[in-house]
Amino acid sequence: MSYAEAKAKYAALGIDTDAAIEKLKTVPVALHCWQGDDVRGFDTDPNKPLTGGIQTTGNYPGRARTPEELMADIDKVISLVPGQVKMNLHACYAIFDEENPWVDRDKLEPKHFQKWVDFCKERGLGCDFNPTFFSHPKCDPLTLASPNEDTRKFWVEHGKASVRISQYLAEQLGQPCVMNIWTGDGFKDIPADRIGPRLRYKQSFDEILSESFDPEMVYPCAESKVFGIGVESYTVGSAEWCLKYADSRPDCISLMDNGHYHPTEVVSDKISAILAYDKKMALHVTRGVRWDSDHVVLFDDETKELCKEIVRCDGLDRVFIALDYFDASINRVSAWVTGFRNLQKCLLFALLQPNCELKKLQDEGNWTKLMVLQEELKTMPFGEVWDAYCESCGKPADGQWFQEIEAYEADVQSKRG
Ligand code: RNT
Ligand code: ZN
């Protein structure tokens, strides 16, 4: 089937495929720098364990070991994905050199991210930011919730430094910076004091956000979690804590990571609940397999449903979408590309739904026809529209990019020690 034929089939349902393609090109999706090196970063010993209850598994060869290698890998990713990429950095990816030697996380400055700013500017990208509250000797193991005032202060200073860096990124790149606060603070076993850590957490967030920033340009978020590995019994920044915190201030938004809920809960159902109250929200899109395993994002039912909800809630410009997965068991660049392309596919699929018609059927109580139509939509000639989208972005269609990964692996990644 040709694109013209597919377009006509969609048009018969009242869907304009060209308009969907053009719309999708305007939606930024944040590309997480941490897929390239298994969340190690450059500011501490790269062989230290990953802490905070998150884990990467696998030891596929070719991990990026330096800023140059990571940037080269990101360039490869960008060359193979359609759509509007936004960078997403973690503070531990600060770049130190002779001119700007290593400083600890409480002393980070915008200049430690200048090379990233230049990287983004050269490519016309915006950039989101994340303070890094894990994999560091000052995690005791708590950070912002620590009862040790020196520890807590250190991490508050890191948070404030991150606000300043986020403001700089937004100013330099002319796009808002979503600054996400997530910590692994919690306990392996049953605590005796649940409220103490949560009150300290609140105080720490307030202290961090007392740093001045332009709320039109920097969007601080609170990301919740249900549990982590080694942190099974209690999480300080639980779903309720984060929702209430974001609600407590106009300048803080909720971030939902779809790996951070009980296994039968779905974030696709939570988006409309948040947007019934809030103008903005943020997402980390991942794939949890039995736990928050952070597998590569697929073109699967829940990711499609998530994207449909963003579209149906008219949220494409106020639900900030970021990827958050890390697979070290397969080619990391391929993992990056696969997940990014799949998210784009899900967004395009969502933009090709006859949402008004479906809503009307629901409101009329015609659940019979609603089911039939929703099922038939699954076998529409979506692949042709997807190929046309890739082409119109100047990026390879399916079947035309993996050989580039194989060549990159042979020429570049396999030569890394
Ligand atoms: C961990 C959270 C968090 C991290 C990144 C690296 O469970 O999802 O967002 O994955 O900050
Ligand atoms: Zn996350």
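Name the residues in the stretch 1-34 that are touching a Lys or Arg at 6+ places or on another chain (Cβ under 6 Å) and within 16 Å of ligand 2 (Cβ to nearest atom), would you? Write out each step before concluding.
Start the filter on the stretch 1-34 by keeping residues that are touching a Lys or Arg at 6+ places or on another chain (Cβ under 6 Å), which leaves 17, 28, 30.
The one that is touching a Lys or Arg at 6+ places or on another chain (Cβ under 6 Å) and within 16 Å of ligand 2 (Cβ to nearest atom): ALA30.
Being more than 19 Å from ALA239 (Cα to Cα) and either of a type in the set (Phe, Trp, Tyr) or part of a strand (DSSP E or B) (or both) is the filter; apply it to the stretch 288-302 and report the residue that is nearest to ligand 1 (Cβ to nearest atom).
Taking the candidates together, the pick is HIS295.
When you look at THR66, is it within 16 Å of ligand 2 (Cβ to nearest atom) and hydroxyl-bearing (Ser, Thr, Tyr), yes or no?
No.
Can you go through TYR219, TYR201 and tell me which one is buried (at least 22 other Cβ atoms within 10 Å of the Cβ) and within 18 Å of the chain's Cα centre (by Cα)? Don't jump to the end; show me each part of the working.
Working: TYR201 fails: within 18 Å of the chain's Cα centre (by Cα).
After applying the criteria, what remains is TYR219.
One residue is enough: does the stretch 116-130 have a residue meeting the conditions within 30 Å of PRO191 (Cα to Cα) and crowded, with 23+ Cβ neighbours inside 10 Å? Before the answer, list the steps.
Taking the stretch 116-130 as the starting set, the residues that turn out to be within 30 Å of PRO191 (Cα to Cα) are 130.
Subsequent filtering for residues that are crowded, with 23+ Cβ neighbours inside 10 Å retains 130.
The answer is yes, given that some residue of the stretch 116-130 is within 30 Å of PRO191 (Cα to Cα) and crowded, with 23+ Cβ neighbours inside 10 Å.
What residue, among those in the stretch 275-317 that are of a type in the set (A, V, I, L, M) and more than 16 Å from ligand 2 (Cβ to nearest atom), is surrounded by the fewest Cβ atoms within 10 Å (Cβ to Cβ)? Working first, answer last.
Step one: list which residues in the stretch 275-317 are of a type in the set (A, V, I, L, M), which gives 275-276, 281-283, 285, 289, 296-298, 306, 310-311, 316.
From what is left, the residues that are more than 16 Å from ligand 2 (Cβ to nearest atom) are 275-276, 298, 310-311, 316.
Values: LEU275: 18, ALA276: 8, LEU298: 16, ILE310: 25, VAL311: 21, LEU316: 18.
Top of the filtered list is ALA276.
Identify the single condition in (1) free of Cβ contacts under 8 Å to residues at least 40 places away in the same chain; (2) within 16 Å of ligand 1 (Cβ to nearest atom) that PRO101 does not satisfy, given that it satisfies every other one.
Of (1) free of Cβ contacts under 8 Å to residues at least 40 places away in the same chain; (2) within 16 Å of ligand 1 (Cβ to nearest atom), only one is false for PRO101: (2).
So, in the stretch 312-327, how many residues would count as being under 21 Å from GLN353 (Cα atoms), in a loop (DSSP other than H, G, I, E, B) and of a type outside the set (D, E, K, R)?
Residues that pass the stated criteria total 3.
Residues of the stretch 7-31 being in contact (Cβ under 8 Å) with a residue 40 or more places away in the chain, part of a helix (DSSP H, G or I) and either within 16 Å of ligand 1 (Cβ to nearest atom) or among the charged types (D, E, K, R) (or both), which ones?
Passing the criteria: LYS7, LYS9, LYS23.
Within the stretch 32-83, track down each residue that is outside any loop (DSSP other than H, G, I, E, B) and either surrounded by fewer than 16 Cβ atoms within 10 Å (Cβ to Cβ) or among the aliphatic types (A, V, I, L, M) (or both).
Filtering the stretch 32-83 for residues outside any loop (DSSP other than H, G, I, E, B) gives 32-35, 67-80.
Within the stretch 32-83, GLU68, LEU70, MET71, ALA72, ILE74, ASP75, VAL77, ILE78, SER79, LEU80 meet the criteria.
Any residue in the stretch 206-226 that's away from ligand 1 (no atom under 16 Å from the Cβ): show its pairings with residues that are modelled with pLDDT of 95 or more and among the acidic types (Asp, Glu) at Cβ separation under 6 Å, as long as the two are six or more apart or on different chains.
Partner pairs satisfying both residue conditions: PRO215/ASP251.
Just for the stretch 318-331: of the residues that are more than 16 Å from ligand 2 (Cβ to nearest atom) and over 18 Å from GLU223 (Cβ atoms), which one is surrounded by the most Cβ atoms within 10 Å (Cβ to Cβ)?
Pass one, the stretch 318-331, residues more than 16 Å from ligand 2 (Cβ to nearest atom): 318, 328-331.
Filter once more, so that each one left must be over 18 Å from GLU223 (Cβ atoms): 328-331.
Working: ALA328: 17, SER329: 13, ILE330: 12, ASN331: 19.
Restricting to residues being more than 16 Å from ligand 2 (Cβ to nearest atom) and over 18 Å from GLU223 (Cβ atoms), the top hit is ASN331.
Residue under question is LEU306, and the condition is that it be over 23 Å from GLY228 (Cβ atoms) and either at pLDDT 95 or above or not hydrophobic (A, V, I, L, M, F, W, C) (or both); does it hold? Outline the logic, then answer.
On the way: over 23 Å from GLY228 (Cβ atoms): no; either at pLDDT 95 or above or not hydrophobic (A, V, I, L, M, F, W, C) (or both): yes.
So LEU306 fails the test.
Which numbered condition in (1) more than 16 Å from ligand 2 (Cβ to nearest atom); (2) over 21 Å from the mean Cα position of the chain (by Cα) is the only one that ILE165 fails?
Failing condition for ILE165: (2).
Test SER135 against the stated conditions and say whether it is among the polar types (S, T, N, Q) and either within 16 Å of ligand 2 (Cβ to nearest atom) or in a loop (DSSP other than H, G, I, E, B) (or both). Show your work before the answer.
Details: among the polar types (S, T, N, Q): yes; either within 16 Å of ligand 2 (Cβ to nearest atom) or in a loop (DSSP other than H, G, I, E, B) (or both): yes.
Criteria met by SER135.
Taking the criterion of being within 16 Å of ligand 2 (Cβ to nearest atom) and in contact with a Lys or Arg (Cβ under 9 Å, 6 or more places away or on another chain), would at least one residue in the stretch 189-200 satisfy it? Explain how you work it out, then say what you get.
Restricting attention to the stretch 189-200, the residues satisfying the condition of being within 16 Å of ligand 2 (Cβ to nearest atom) are none.
No, the conditions are met nowhere in the stretch 189-200.
Here's a check for you: in the stretch 328-349, which residue that is in a loop (DSSP other than H, G, I, E, B) and among the hydrophobic types (A, V, I, L, M, F, W, C) is farthest from the chain's Cα centre (by Cα)?
Of all residues in the stretch 328-349, those in a loop (DSSP other than H, G, I, E, B) come to 328-331.
When the remaining residues are screened for being among the hydrophobic types (A, V, I, L, M, F, W, C), the result is 328, 330.
Numbers: ALA328: 17, ILE330: 20 Å.
For the stretch 328-349, the residue satisfying everything is ILE330.
Based on this model, can you work out whether ILE165 counts as of a type in the set (A, V, I, L, M, F, W, C), touching a residue at least 40 places away in the same chain (Cβ under 8 Å) and assigned to a helix (DSSP H, G or I)? Outline the logic, then answer.
Numbers: of a type in the set (A, V, I, L, M, F, W, C): yes; touching a residue at least 40 places away in the same chain (Cβ under 8 Å): yes; assigned to a helix (DSSP H, G or I): yes.
For ILE165, the condition - of a type in the set (A, V, I, L, M, F, W, C), touching a residue at least 40 places away in the same chain (Cβ under 8 Å) and assigned to a helix (DSSP H, G or I) - is met.
Give just the number: which of (1) within 30 Å of TYR60 (Cβ to Cβ); (2) more than 23 Å from the chain's Cα centre (by Cα); (3) buried (at least 17 other Cβ atoms within 10 Å of the Cβ) does LEU352 not satisfy?
Looking at each condition in turn, LEU352 falls short on (1).
The values are calculated or read from the model by the stated rules, or taken from the named source; none is laboratory data. As the structure is a prediction and not an experimental result, all values here were calculated from the model. Neighbour counts are summed over all protein chains in view; Cβ atoms, including those assigned to glycine, are modelled from backbone coordinates with ideal geometry.
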